[in-house]
Structures are given as structure tokens and as C-alpha cells.
Amino acid sequence: MSDPLAPQAEGSSRTLVCSVLFVDIAGYSRRGVSEQIRLKQKFNEVLAGSLADLEARDRVVIDTGDGAAIAFLDDPERALFAAVAIFDNVGELPVRMGINLGPVYLAKDLNGQDNVIGDGINVAQRVMSFAQEGELLVSRSFYEVVLLLSGDYASMFQARSAQTDKHNRTHELYAVSEAVRVGRRVAEAQAKRRSQRRPAAAPSTARATVSDAGSHFIVSGPTRESVAAELARLAGEGARVISAPSLIGATWMASFDRGHAVKVDKLGMKTVVSAATREAVEAKVTELVEFGARLDQEIEQIDGVWTAVLDDAS
């Protein structure tokens with residue numbers, strides 16, 4: 001069996017975490033054929049211009065008929081800059097957009113062209129579907145990772161109410177402020193300066209962090225080793241690795257299936273342990289009890305999730 005954490009050969013089919021921008025022309029299907037052709041030609045020109053400064057090897061573009069999906073294989077900020085560049089050049093073209101960061105499978109299609117499939121692109125499409133004409137929405141996973149790159153991005157987003165799609169899956173959404181269109185070049189300059197700085201050597205104690213992306217978790221850290229170590233720890237608790245560590249911008253990222261992972265939340269002096277299986281909860285409870293915690297509420301299944309509550313007081 002191959003090592004899921006081993007680096008993949010260049011150009012081979014692989015699963016990785018990347019940001020996906022989904023764009024479509026609002027009301028496209030309701031227009032006449034001649035109007036559709038005119039709009040699509042204009043859309044293609046705008047998209048090509050917005051991606052002109054991005055190396056072909058750093059993105060995959062998929063024509064969706066009434067728009068496009070673009071997977072950005074390097075810096076997550078690229079998706080944000082490209083989306084705002086589209087707004088800069090779109091004119092009267094009625095577009096709406098959504099961005100998500102998640103796992104995708106990168107492979108070749110029947111024509112030998114690069115293609116991406118998987119949850120990362122599916123969620124990007126659903127996020128876009130909640131946007132109105134002229135609006136850019138992003139998922140919680142993209143929002144959290146971008147904030148890890150720079151806290152300055154917090155002012156660029158406005159929280160929106162959660163939306164539930166036709167598959168009964170809830171999405172936490174953030175709208176990109178109109179002011180971002182004016183400040184895009186400033187943000188790009190900041191990102192360029194950060195990329196040009198010589199990165200400081202990561203301390204040996206550097207730990208990866210875990211972000212809840214809804215259907216999965218994203219592990220991010222300063223080094224591949226820190227992310228791999230966190231994945232190994234999570235695997236011991238029943239997590240299933242979806243994508244191996246990959247370098248996105250200056251940050252190493254990977255993803256794992258939340259359905260098999262143990263989640264530990266602190267609520268004051270209480271600790272809530274939850275997971276999809278009773279065995280996973282029991283293992284974590286045993287570990288915490290050994291460190292002095294006391295089981296306060298027996299393990300039980302609540303809304304399909306096995307849960308236990310511990311008292312941290314000695």
C-alpha cells in the first residue's frame with residue numbers, strides 16, 4: 001500500500017487542497033442563442049485577461065458552458081485576486097461568483113486535458129449558487145485560511161447567514177465587500193511583499209493548526225513535517241486522510257475526513273468530546289481521564305454523533 005503522505009510525482013493524478021473559483025453568467029439559459037454567444041465571447045475575453053499574469057501550470061480552467069471553474073494550485077489569495085479582477089473588467093456582463101478551499105482530485109480527462117473533480121469544486125459551485133448577480137461569496141474554509149495568511153483580510157469580508165443546499169448540507173458564507181474592488185491592488189502588493197521576504201526558519205516546536213471546513217477538516221502548518229505529524233495524530237484517532245500535505249503559497253496544507261475524527265471542544269470547565277463512532281469517543285475519554293479529567297456525562301448518541309462530557313476540575 002502506498003504512503004498517503006508521500007510526495008506525488010509531477011503531472012500524476014493526485015488529490016490536493018486548493019482554492020476553486022466558480023463563475024457563471026446570471027440568467028444565461030434564459031437568453032437567445034445569439035445573445036448567449038455574444039455573452040460567452042465577452043466572458044472568455046474577461047476571464048483570459050484576469051488570468052493573464054498567472055502561469056498555466058498554477059491553475060486549471062474548466063469550461064462549464066455558462067461560465068467556468070478555476071482551480072488555483074498555489075496561493076489561495078490568487079483566487080480572490082482573480083475574482084476581483086473579473087469584477088474590474090466585466091463591465092455590464094452579469095456574473096456571480098463563489099470561492100471554496102477544499103480537496104480536489106487532479107487528473108486528465110478523456111481528451112488528455114487537465115481536469116479537477118471532488119468536494120472542493122462541488123462546494124465552490126454551491127457557494128456560487130447562493131450569490132446574486134454581481135456578488136462574490138466565499139466558504140468558511142476559504143475565509144479561515146485566507147485570514148491565516150493575513151489578518152488584514154478580515155475587513156474585506158462580511159458574514160452572511162448560513163444557507164442549506166438541496167442535499168441538506170449547510171454552508172457558512174462570507175461576502176466580499178465592495179471596497180475590496182478598490183483595494184485589490186493594495187492587497188496584491190502586500191501579498192507580493194510577503195512572498196519576497198526571506199522566510200524565517202520554523203522552530204522545531206511549530207505545530208500545525210486544524211480548521212473545520214464543514215464536510216472535512218483542513219490541517220495547515222509552516223512545514224510539511226508539522227502537517228504530517230498532525231495528520232498522523234489524527235489518524236490515530238480514526239481520521240481518514242483525504243489529501244496529503246501540499247504547499248500552497250507559503251503554507252503546507254492537507255485535509256481529512258471529519259466523519260471519522262474526534263472533535264474536542266472546551267466549554268468553560270467542561271470538555272465535550274464527539275465523533276462518528278462510540279469507539280473513537282471512548283478512546284479519547286480514556287486518554288483525558290488519564291490526565292485528570294472526570295467523566296461528567298456518559299457517552300451517548302446525540303443527533304447521530306457520539307458525545308461525552310468531561311469535567312476538567314481536579
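Being β-branched (Val, Ile, Thr), at pLDDT below 60 and open to solvent by less than 40 Å² (accessible area, probe 1.4 Å) is the filter here, so list the residues in segment 144-195 that pass it. Result: VAL180, single match. Among all residues of segment 286-304, there is none that is closer than 15 Å to ALA239 by Cα and either small (Gly, Ala, Ser) or at pLDDT 85 or above (or both). Tell me whether segment 28-36 contains one or more residues that are modelled with pLDDT of 85 or more and under 22 Å from LEU101 (Cα atoms). The answer is no, given that none of the residues of segment 28-36 is modelled with pLDDT of 85 or more and under 22 Å from LEU101 (Cα atoms). If you go through segment 52-76 one residue at a time, how many are open to solvent by 10 Å² or more (accessible area, probe 1.4 Å), of a type outside the set (Asp, Glu) and more than 15 Å from the chain's Cα centre (by Cα)? Residues flagged as open to solvent by 10 Å² or more (accessible area, probe 1.4 Å), of a type outside the set (Asp, Glu) and more than 15 Å from the chain's Cα centre (by Cα) within segment 52-76 amount to 9. Pairs meeting the criteria (first residue in segment 49-61 and touching a residue at least 40 places away in the same chain (Cβ under 8 Å), second residue surrounded by 14 or more Cβ atoms within 10 Å (Cβ to Cβ) and not in a helix (DSSP H, G or I), beta carbons under 6 Å, at least 6 apart or on different chains) are VAL60/ALA71; VAL60/ASP114; VAL60/VAL116.
Within segment 96-124, residues that are part of a strand (DSSP E or B) sit with their Cβ atoms under 6 Å from residues that are hydroxyl-bearing (Ser, Thr, Tyr) and surrounded by fewer than 17 Cβ atoms within 10 Å (Cβ to Cβ), at 6+ positions apart or across chains, in these pairs: ALA107/SER13. Tell me, please, whether a residue that is closer than 20 Å to ALA159 by Cα, modelled with pLDDT of 90 or more and open to solvent by less than 40 Å² (accessible area, probe 1.4 Å) can be found in segment 104-123. Within segment 104-123, one or more residues are closer than 20 Å to ALA159 by Cα, modelled with pLDDT of 90 or more and open to solvent by less than 40 Å² (accessible area, probe 1.4 Å). Residues in segment 75-95 that are farther than 17 Å from VAL60 by Cβ and outside any helix (DSSP H, G or I): VAL90, GLY91, GLU92, LEU93, PRO94, VAL95.
The values are calculated or read from the model by the stated rules, or taken from the named source; none is laboratory data. Not measured: the values here are computed from a predicted model. Note: ideal-geometry Cβ built from the backbone for every residue, glycine included; neighbour counts use all protein chains shown. Accessible surface is based on the protein model in full, side chains and every heavy atom, while ligands, DNA and RNA are left aside. Shrake-Rupley method; radii C 1.70, N 1.55, O 1.52, S 1.80 Å.
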